[in-house]
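What follows is a structure written as C-alpha coordinates; I'll ask about it next.
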Amino acid sequence: MSYKKLHHDAFVLDSHCDTPLRLLDDANLGERGAEGHFDFIRMKEGGLDAAFFAIYTSNTLEPDTATRRAMQMIARTYDAVEANSDKVAVALCAEDALDNREQGLMSVFLGMENGAPIQKDLSLLRLFYDMGVRYMTLTHAGNNEICDSCATKEKRWNGLSPFGIEVVKEMNRLGMLVDVSHISDAAFYDVLKYTVAPVVATHSCCRALSDHPRNLTDEMIIALTELR
(Lines give C-alpha, C1' and ligand atoms only; values in the text may rest on other atoms or scores of the structure.)
Protein backbone atom coordinates (compact mmCIF):
# COMPACT_ATOMS: atom_id res chain seq x y z
CA MET A 1 0.00 0.00 0.00
CA SER A 2 1.38 3.43 -0.95
CA TYR A 3 1.68 6.12 1.70
CA LYS A 4 -0.79 8.27 -0.28
CA LYS A 5 -3.43 5.54 -0.21
CA LEU A 6 -2.77 4.91 3.47
CA HIS A 7 -3.18 8.62 4.18
CA HIS A 8 -6.39 8.76 2.15
CA ASP A 9 -7.91 5.67 3.75
CA ALA A 10 -6.99 6.65 7.34
CA PHE A 11 -8.90 9.13 9.46
CA VAL A 12 -6.36 11.96 9.79
CA LEU A 13 -6.58 14.27 12.81
CA ASP A 14 -4.54 17.37 13.70
CA SER A 15 -4.66 17.56 17.50
CA HIS A 16 -3.53 21.19 17.78
CA CYS A 17 -4.10 23.92 15.19
CA ASP A 18 -3.43 27.55 16.20
CA THR A 19 -5.65 29.07 13.49
CA PRO A 20 -8.18 30.75 15.86
CA LEU A 21 -5.58 33.44 16.56
CA ARG A 22 -5.75 34.36 12.86
CA LEU A 23 -9.54 34.48 13.04
CA LEU A 24 -9.18 37.37 15.48
CA ASP A 25 -7.47 39.20 12.59
CA ASP A 26 -10.41 38.40 10.28
CA ALA A 27 -8.71 35.62 8.31
CA ASN A 28 -11.01 34.04 5.71
CA LEU A 29 -10.58 30.27 5.96
CA GLY A 30 -12.74 29.71 2.91
CA GLU A 31 -10.00 31.13 0.68
CA ARG A 32 -6.45 29.96 0.07
CA GLY A 33 -4.48 32.16 2.44
CA ALA A 34 -1.20 33.92 1.76
CA GLU A 35 -0.30 33.68 5.45
CA GLY A 36 -0.19 30.80 7.86
CA HIS A 37 -0.38 27.13 6.97
CA PHE A 38 -4.09 26.43 7.27
CA ASP A 39 -7.36 27.15 5.54
CA PHE A 40 -10.23 24.91 4.54
CA ILE A 41 -8.94 24.70 0.95
CA ARG A 42 -5.57 23.32 2.02
CA MET A 43 -7.23 21.18 4.69
CA LYS A 44 -9.13 19.38 1.92
CA GLU A 45 -6.12 19.14 -0.37
CA GLY A 46 -3.99 17.72 2.43
CA GLY A 47 -6.45 14.97 3.27
CA LEU A 48 -7.00 16.27 6.79
CA ASP A 49 -10.29 14.94 8.13
CA ALA A 50 -10.43 16.87 11.40
CA ALA A 51 -8.53 19.50 13.35
CA PHE A 52 -8.67 20.65 16.94
CA PHE A 53 -8.73 24.45 16.83
CA ALA A 54 -6.63 25.69 19.76
CA ILE A 55 -8.34 28.39 21.80
CA TYR A 56 -5.08 29.85 23.09
CA THR A 57 -4.69 32.51 25.76
CA SER A 58 -1.40 33.79 27.13
CA ASN A 59 -0.54 33.47 30.80
CA THR A 60 0.26 37.20 30.72
CA LEU A 61 -3.43 38.12 30.30
CA GLU A 62 -5.59 39.20 33.22
CA PRO A 63 -8.23 36.56 34.07
CA ASP A 64 -11.23 38.46 32.68
CA THR A 65 -9.30 39.32 29.53
CA ALA A 66 -8.35 35.66 29.05
CA THR A 67 -11.98 34.59 29.43
CA ARG A 68 -13.19 37.19 26.93
CA ARG A 69 -10.42 36.32 24.46
CA ALA A 70 -11.27 32.62 24.62
CA MET A 71 -14.96 33.32 24.04
CA GLN A 72 -14.12 35.55 21.07
CA MET A 73 -12.03 32.83 19.44
CA ILE A 74 -14.76 30.25 19.98
CA ALA A 75 -17.33 32.60 18.45
CA ARG A 76 -15.09 33.36 15.46
CA THR A 77 -14.53 29.63 14.95
CA TYR A 78 -18.27 28.96 14.81
CA ASP A 79 -18.65 31.90 12.40
CA ALA A 80 -15.93 30.48 10.12
CA VAL A 81 -17.51 27.01 10.11
CA GLU A 82 -20.98 28.42 9.41
CA ALA A 83 -19.62 30.48 6.50
CA ASN A 84 -18.13 27.29 5.01
CA SER A 85 -20.86 24.80 5.87
CA ASP A 86 -20.44 23.10 2.48
CA LYS A 87 -16.91 22.09 3.48
CA VAL A 88 -16.74 21.71 7.24
CA ALA A 89 -18.80 21.17 10.39
CA VAL A 90 -18.15 21.33 14.13
CA ALA A 91 -17.68 17.96 15.83
CA LEU A 92 -18.35 17.35 19.50
CA CYS A 93 -17.36 13.67 19.60
CA ALA A 94 -15.68 11.01 17.48
CA GLU A 95 -19.02 9.86 16.09
CA ASP A 96 -19.74 13.38 14.80
CA ALA A 97 -16.43 13.46 12.96
CA LEU A 98 -17.01 10.05 11.38
CA ASP A 99 -20.54 11.09 10.33
CA ASN A 100 -19.19 14.33 8.87
CA ARG A 101 -16.66 12.37 6.83
CA GLU A 102 -19.42 10.15 5.46
CA GLN A 103 -21.22 13.30 4.34
CA GLY A 104 -18.11 14.67 2.64
CA LEU A 105 -17.43 17.24 5.33
CA MET A 106 -14.27 17.93 7.32
CA SER A 107 -14.52 18.48 11.06
CA VAL A 108 -13.44 21.16 13.49
CA PHE A 109 -13.08 20.28 17.16
CA LEU A 110 -12.38 22.82 19.90
CA GLY A 111 -9.51 22.51 22.37
CA MET A 112 -8.54 25.20 24.88
CA GLU A 113 -4.83 25.90 25.36
CA ASN A 114 -4.33 27.21 28.90
CA GLY A 115 -6.94 26.85 31.62
CA ALA A 116 -6.68 30.51 32.62
CA PRO A 117 -10.06 31.42 31.04
CA ILE A 118 -11.93 29.25 33.55
CA GLN A 119 -10.33 31.46 36.24
CA LYS A 120 -10.98 29.65 39.54
CA ASP A 121 -14.52 28.61 38.76
CA LEU A 122 -15.67 25.12 37.75
CA SER A 123 -18.89 26.61 36.39
CA LEU A 124 -16.82 28.37 33.72
CA LEU A 125 -15.17 25.03 32.88
CA ARG A 126 -18.65 23.57 32.41
CA LEU A 127 -19.68 26.57 30.29
CA PHE A 128 -16.71 26.11 27.95
CA TYR A 129 -17.61 22.43 27.64
CA ASP A 130 -21.14 23.45 26.67
CA MET A 131 -19.59 25.74 24.04
CA GLY A 132 -17.92 22.71 22.49
CA VAL A 133 -14.47 22.58 24.11
CA ARG A 134 -13.42 18.94 24.27
CA TYR A 135 -9.90 19.18 25.67
CA MET A 136 -8.08 21.67 27.82
CA THR A 137 -4.31 22.15 28.07
CA LEU A 138 -4.04 22.93 31.78
CA THR A 139 -1.55 25.78 31.40
CA HIS A 140 0.89 27.26 28.89
CA ALA A 141 4.12 29.20 29.51
CA GLY A 142 3.37 30.24 33.08
CA ASN A 143 2.05 28.85 36.34
CA ASN A 144 -1.69 29.42 36.79
CA GLU A 145 -4.43 28.55 39.28
CA ILE A 146 -4.47 24.94 38.05
CA CYS A 147 -0.84 23.84 37.91
CA ASP A 148 2.77 24.72 37.16
CA SER A 149 4.18 25.15 33.67
CA CYS A 150 7.19 23.29 32.29
CA ALA A 151 8.53 26.69 31.17
CA THR A 152 8.97 28.36 34.57
CA LYS A 153 12.07 28.05 36.73
CA GLU A 154 10.16 28.71 39.95
CA LYS A 155 7.11 26.58 40.61
CA ARG A 156 4.02 27.79 42.44
CA TRP A 157 2.37 24.48 43.33
CA ASN A 158 5.00 21.80 42.71
CA GLY A 159 2.40 19.98 40.59
CA LEU A 160 -1.36 20.43 40.52
CA SER A 161 -2.95 22.97 42.85
CA PRO A 162 -5.84 21.85 45.08
CA PHE A 163 -8.13 23.58 42.55
CA GLY A 164 -6.29 21.77 39.76
CA ILE A 165 -7.16 18.41 41.31
CA GLU A 166 -10.83 19.44 41.24
CA VAL A 167 -10.44 20.57 37.63
CA VAL A 168 -9.08 17.17 36.57
CA LYS A 169 -11.93 15.39 38.38
CA GLU A 170 -14.55 17.64 36.78
CA MET A 171 -13.03 17.24 33.32
CA ASN A 172 -13.21 13.47 33.83
CA ARG A 173 -16.87 13.77 34.81
CA LEU A 174 -17.72 15.95 31.83
CA GLY A 175 -15.83 13.82 29.34
CA MET A 176 -13.32 16.56 28.51
CA LEU A 177 -9.80 15.36 27.73
CA VAL A 178 -7.00 16.55 29.99
CA ASP A 179 -4.06 17.76 27.85
CA VAL A 180 -0.69 17.55 29.61
CA SER A 181 1.37 19.45 27.02
CA HIS A 182 3.16 22.47 28.55
CA ILE A 183 2.69 21.39 32.17
CA SER A 184 5.54 20.60 34.57
CA ASP A 185 6.75 17.04 35.12
CA ALA A 186 5.36 17.09 38.67
CA ALA A 187 1.99 18.29 37.38
CA PHE A 188 2.06 15.56 34.73
CA TYR A 189 2.43 12.86 37.35
CA ASP A 190 -0.23 14.49 39.55
CA VAL A 191 -2.64 14.35 36.60
CA LEU A 192 -1.92 10.65 36.19
CA LYS A 193 -2.47 10.18 39.93
CA TYR A 194 -5.91 11.81 39.99
CA THR A 195 -7.41 11.10 36.57
CA VAL A 196 -9.79 8.20 36.06
CA ALA A 197 -9.68 8.51 32.27
CA PRO A 198 -6.93 8.47 29.62
CA VAL A 199 -5.22 11.83 29.02
CA VAL A 200 -3.46 13.29 25.97
CA ALA A 201 -0.35 15.25 25.10
CA THR A 202 -1.60 17.08 22.03
CA HIS A 203 1.62 18.81 21.02
CA SER A 204 4.59 17.32 22.82
CA CYS A 205 7.49 15.37 21.33
CA CYS A 206 10.04 12.93 22.77
CA ARG A 207 12.56 14.41 25.17
CA ALA A 208 15.06 11.76 24.11
CA LEU A 209 15.00 13.30 20.62
CA SER A 210 14.83 16.95 21.69
CA ASP A 211 15.72 17.88 25.24
CA HIS A 212 13.00 20.47 25.80
CA PRO A 213 10.92 20.56 29.00
CA ARG A 214 7.64 20.48 27.02
CA ASN A 215 8.61 17.10 25.58
CA LEU A 216 7.99 13.82 27.35
CA THR A 217 10.53 11.36 28.68
CA ASP A 218 10.26 7.71 27.68
CA GLU A 219 8.94 6.96 31.16
CA MET A 220 6.19 9.60 30.80
CA ILE A 221 5.14 8.23 27.41
CA ILE A 222 4.92 4.72 28.81
CA ALA A 223 2.91 5.98 31.79
CA LEU A 224 0.43 7.65 29.40
CA THR A 225 -0.11 4.40 27.52
CA GLU A 226 -0.85 2.54 30.74
CA LEU A 227 -3.93 4.65 31.54
CA ARG A 228 -7.16 2.81 30.78
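Here's a check for you: in segment 78-120, which residue that is charged (D, E, K, R) and in contact with a helix residue (DSSP H, G or I) (Cβ under 9 Å, 6 or more places away or on another chain) is farthest from ALA187 (Cα to Cα)? If you could, list the steps in order and put the result at the bottom.
Residues of segment 78-120 charged (D, E, K, R): 79, 82, 86-87, 95-96, 99, 101-102, 113, 120.
From what is left, the residues that are in contact with a helix residue (DSSP H, G or I) (Cβ under 9 Å, 6 or more places away or on another chain) are 79, 87, 120.
Values: ASP79: 35, LYS87: 39, LYS120: 17 Å.
Result: LYS87.
So, in segment 132-170, exactly how many residues are in contact with a Leu (Cβ under 6 Å, 6 or more places away or on another chain) and either β-branched (Val, Ile, Thr) or over 26 Å from CYS17 (Cα atoms) (or both)?
2
Return the residues of segment 23-36 that are assigned to a loop (DSSP other than H, G, I, E, B), surrounded by 11 or more Cβ atoms within 10 Å (Cβ to Cβ) and of a type outside the set (D, E, K, R); say none if nothing qualifies.
Passing the criteria: LEU24, ALA27, ASN28, LEU29, GLY30, GLY33, GLY36.
Just one of ASP99, ASP86, ASP121 is surrounded by fewer than 22 Cβ atoms within 10 Å (Cβ to Cβ), under 15 Å from VAL167 (Cα atoms) and modelled with pLDDT of 95 or more; which is it? Quick ask: steps written out before the conclusion?
Working: ASP99 fails: under 15 Å from VAL167 (Cα atoms); ASP86 fails: under 15 Å from VAL167 (Cα atoms).
The unique qualifying residue is ASP121.
Any chance you could count how many residues in segment 131-145 are surrounded by 22 or more Cβ atoms within 10 Å (Cβ to Cβ) and without any contact (Cβ under 8 Å) to a residue 40 or more places away in the chain?
0
Given the structure, is ASN143 over 16 Å from the mean Cα position of the chain (by Cα) and part of a loop (DSSP other than H, G, I, E, B)? Walk me through it before giving the result.
Details: over 16 Å from the mean Cα position of the chain (by Cα): yes; part of a loop (DSSP other than H, G, I, E, B): yes.
Spelling it out, ASN143 is indeed over 16 Å from the mean Cα position of the chain (by Cα) and part of a loop (DSSP other than H, G, I, E, B).
Then there's this: Would you check if there is a residue in segment 26-40 being among the aromatic types (Phe, Trp, Tyr), touching an Asp or Glu at 6+ places or on another chain (Cβ under 7 Å) and in contact (Cβ under 8 Å) with a residue 24 or more places away in the chain?
no
Here's another thing I want to ask about it. Evaluate the following for LEU160: is it more than 26 Å from ALA50 (Cα to Cα) and touching a residue at least 12 places away in the same chain (Cβ under 8 Å)?
yes
From the set of residues in segment 146-166 that are of a type in the set (D, E, K, R) and assigned to a loop (DSSP other than H, G, I, E, B), which is surrounded by the fewest Cβ atoms within 10 Å (Cβ to Cβ)? Give the steps one after another, and end with the answer.
We begin by selecting, within segment 146-166, every residue of a type in the set (D, E, K, R); these are 148, 153-156, 166.
So of that shortlist, the ones also assigned to a loop (DSSP other than H, G, I, E, B) come out as 148, 153-156.
On the way: ASP148: 27, LYS153: 4, GLU154: 6, LYS155: 15, ARG156: 15.
It comes out as LYS153.
Quick one: which of ASP9, ASP25, ASP18 is farther than 30 Å from SER149 by Cα and either β-branched (Val, Ile, Thr) or out of contact with any Ser or Thr (no Cβ under 9 Å at 6 or more places or on another chain) (or both)?
Matching residue, one of ASP9, ASP25, ASP18: ASP9.
Considering segment 167-200 alone, what residues qualify as being among the acidic types (Asp, Glu), surrounded by 17 or more Cβ atoms within 10 Å (Cβ to Cβ) and part of a helix (DSSP H, G or I)?
ASP185, ASP190
Being surrounded by fewer than 19 Cβ atoms within 10 Å (Cβ to Cβ), of a type outside the set (Val, Ile, Thr), under 26 Å from ALA50 (Cβ atoms) and out of contact with any strand residue (DSSP E or B) (no Cβ under 8 Å at 6 or more places or on another chain) is the requirement here; does LEU127 meet it?
On the way: surrounded by fewer than 19 Cβ atoms within 10 Å (Cβ to Cβ): yes; of a type outside the set (Val, Ile, Thr): yes; under 26 Å from ALA50 (Cβ atoms): yes; out of contact with any strand residue (DSSP E or B) (no Cβ under 8 Å at 6 or more places or on another chain): yes.
In short, yes.
Can you name every residue in segment 4-22 that is assigned to a loop (DSSP other than H, G, I, E, B) and not polar (S, T, N, Q)?
Across segment 4-22, the qualifying residues are ALA10, PHE11, VAL12, ASP18.
The values are calculated or read from the model by the stated rules, or taken from the named source; none is laboratory data. No experiment lies behind these values; they were computed from the predicted model shown. Here the Cβ is made from the backbone with ideal geometry for all residues, glycine too, and neighbour counts use every protein chain on show.
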